[in-house]
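Remarks on the structure that follows.
FYI, it's all coordinate maths here, none of it is from the lab. Everything quoted here is computed from the prediction, not taken from an experiment. Here the Cβ positions follow ideal geometry from the backbone for every residue, glycine too, while neighbour counts run over all protein chains shown.
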Amino acid sequence: ETGVTQSPTHLIKTRGQQVTLRCSSQSGHNTVSWYQQALGQGPQFIFQYYREEENGRGNFPPRFSGLQFPNYSSELNVNALELDDSALYLCASSFSGTGGFEQYFGPGTRLTVT
Amino acid sequence: GESVGLHLPTLSVQEGDNSIINCAYSNSASDYFIWYKQESGKGPQFIIDIRSNMDKRQGQRVTVLLNKTVKHLSLQIAATQPGDSAVYFCAEDNQGGKLIFGQGTELSVKP
């Protein structure tokens, strides 16, 4: 088990609503990355936060936003939910935002949009 | 665009046999590669990594081979056990921690 935790475990939302997912990074890690994993697919990079700043973003629209706090925990916010947003949302923490370091994943939050 | 792909979507092996899972990557600038294991209902679990200045790296029962000439990565699991049954992903890192994952290979171990 890694020291990365996520909440909630499962969530059901209606199309058009907003959702906030939370992640606590492993002790000693200052970087959090968020990924979206659709059923049967590999995780897709959403964005990364390093020292409370966004440090890279994948091909996701602006309605996907995030925050990182001084204790390096992080939030992922999704506005105007769409059915295709249904997925497993994973966060991963690592030692540095410069790349080349192991990323350790949390258990994920399963989001269902109806 | 950038992509990491796997040659075989499913792999079935007998307990005790060796398993080999293959992966192709497209970006020759990638300098760091990771193999993850994902069990049902869980997040990906780090298995082993390798940097582009290496060809081979060994861990406990696992070996990763990197062939930069043909942009190919493989994961070898020795003496495969039922507990190894899972989906295995390779991932490449060439943009400071932005991991690009392949679709995954499902490994099934028959007792």
Hypothetical label at B:Asn27: residues of region A:42-64 whose amide nitrogen lies under 17 Å (7 Å Cα-Cβ projection): A:42-49, A:55-60
Sites matching GluC sites (Glu not before Pro) across region B:20-111 that sit in DSSP coil, with at most 15 neighbouring C-beta atoms within 10 Å: B:Glu39
Long-range lysine pairs (8 or more apart or interchain), the protein assembly as shown, Cα under 26 Å: 13
Quick one: if you stick a label point 7 Å off each Cα along the C-beta vector at A:Gln17 and B:Gln103, how many nm between them? 3.3
Out of B:Asp93, B:Asp17, B:Asp49, any idea which swings most in a Gaussian network model of chain B, alpha carbons joined below 10 Å? B:Asp17
